Amino acid sequence: MFNFDNFARDPDNVLILLHGFLGNSREWQSIREKLLSRVECRILIPDLPGHGKCRLNPDETFQLSDIITFPKNCREYIIWGYSMGGRIALMEANRYFKRLSKDESISSYANLPSLTNLPGLAGLIIESSNPGIADPKEREKRILLDEKWAEEFEKNPLTATLKKWYEQPVFSSLSEKQKELLIREKSEENPKLLAKALRCFSTGKQENLEGVLDLVPVLYFCGENDSKYAKIAEELHVRHKSISVCRIPGGDHNLHRFHSEEMLKQIFEWQ
């Protein structure tokens, strides 16, 4: 039986924290400090391609082993991914099960019920993230939208583009002070690399990875005020009864930044 508290007390376990688009490893530091007083597992927080100090170019073949090194004695690991980081977490989980199944077809995973008991990937914490778009027309729309934004990042001053970015409906519940804080923090990023990352990790280009949700323990977070992802969470829970969905009261899209205490409470009770 999976239990996060038991996982966290094992020094041979690893918790990986993945930021979203425009983010970097620094945004997890306050959560890292809160975790360190309660866990014995190791915490790894990389900068993802196109962000922070990562010098790896965004590429469709990217995998976590390109930027992090697991300790030799690692027994199990959990990936906590926010938004784009959540999609990358699902991609990594998909590769993990493909390696175990030695089969490129996700439909074959249903015949491997014992896989989640093996050492390795112990669980996923998915925060405000879409596991994939099923409708080909909607996928194409998303690719075109992300291309438009990528061009914005390439052609215009970064601060102006960031202000426009945070005017999107998904961020409507953020206060002006919160938006100003995020814009100030993210204004140091490289806009050309951000454009590459947006194109590479677009939800429109990602295959639908919902099948992964049935293969490993999953805790899905959404904010009460984030109507888009609250709806996605509700739909996922209907189709995948095994996942645990937690809706944070008063929460917005960026939960780990502004609602970390509520999230950590739910994570430590996760089983």
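Can you name every residue in region 147-173 that is of a type in the set (S, T, N, Q) and more than 19 Å from residue 192 (Cβ to Cβ)? Let's see the steps before the verdict.
Of all residues in region 147-173, those of a type in the set (S, T, N, Q) come to 156, 159, 161, 168, 172-173.
168, 172, 173, listed by residue number.
Test residue 250 against the criterion of being in contact with an Asp or Glu (Cβ under 8 Å, 6 or more places away or on another chain), small (Gly, Ala, Ser) and either more than 20 Å from residue 182 (Cα to Cα) or without any contact (Cβ under 8 Å) to a residue 60 or more places away in the chain (or both), and give yes or no. Criteria met by residue 250.
Residue-wise test of (1) surrounded by 20 or more Cβ atoms within 10 Å (Cβ to Cβ); (2) over 15 Å from the mean Cα position of the chain (by Cα); (3) part of a helix (DSSP H, G or I).
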{"residue": "164", "(1), (2), (3)": "no, yes, yes"}
{"residue": "204", "(1), (2), (3)": "no, yes, no"}
{"residue": "228", "(1), (2), (3)": "no, yes, yes"}
{"residue": "234", "(1), (2), (3)": "no, yes, yes"}
{"residue": "251", "(1), (2), (3)": "yes, yes, no"}
{"residue": "264", "(1), (2), (3)": "no, yes, yes"}
{"residue": "270", "(1), (2), (3)": "no, yes, no"}
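Here residue 102 meets each of (1) at pLDDT 95 or above; (2) surrounded by fewer than 19 Cβ atoms within 10 Å (Cβ to Cβ) with one exception, condition (1). Determine whether residue 194 is within 26 Å of residue 76 (Cα to Cα) and touching a Leu at 6+ places or on another chain (Cβ under 7 Å). No, not satisfied.
The strands (runs of 3 or more DSSP E) falling completely within region 7-87 include none with 2 or more residues that are in contact (Cβ under 8 Å) with a residue 24 or more places away in the chain, loosely packed, with under 15 Cβ neighbours inside 10 Å and not basic (Lys, Arg). If I ask for residues that are part of a loop (DSSP other than H, G, I, E, B) and closer than 17 Å to residue 81 by Cα, which ones from region 216-225 would you list? Result: 216, 217.
What's the number of the condition residue 48 fails, among (1) touching a Lys or Arg at 6+ places or on another chain (Cβ under 8 Å); (2) closer than 30 Å to residue 154 by Cα? Status for residue 48: all satisfied but (1). Scanning region 175-202 for residues that are buried (at least 16 other Cβ atoms within 10 Å of the Cβ), farther than 19 Å from residue 91 by Cβ and of a type in the set (D, E, K, R) turns up 179, 185, 186, 189.
Criterion first (of a type in the set (A, V, I, L, M), modelled with pLDDT under 95 and outside the structural domain of residue 121 (by TED's automatic domain parsing)) does residue 162 satisfy it? Spelling it out, it is not the case that residue 162 is of a type in the set (A, V, I, L, M), modelled with pLDDT under 95 and outside the structural domain of residue 121 (by TED's automatic domain parsing).
The values are calculated or read from the model by the stated rules, or taken from the named source; none is laboratory data. All values derive from a computational prediction rather than experimental measurement. Backbone-built Cβ (ideal geometry, glycine too); neighbour counts: all protein chains shown.
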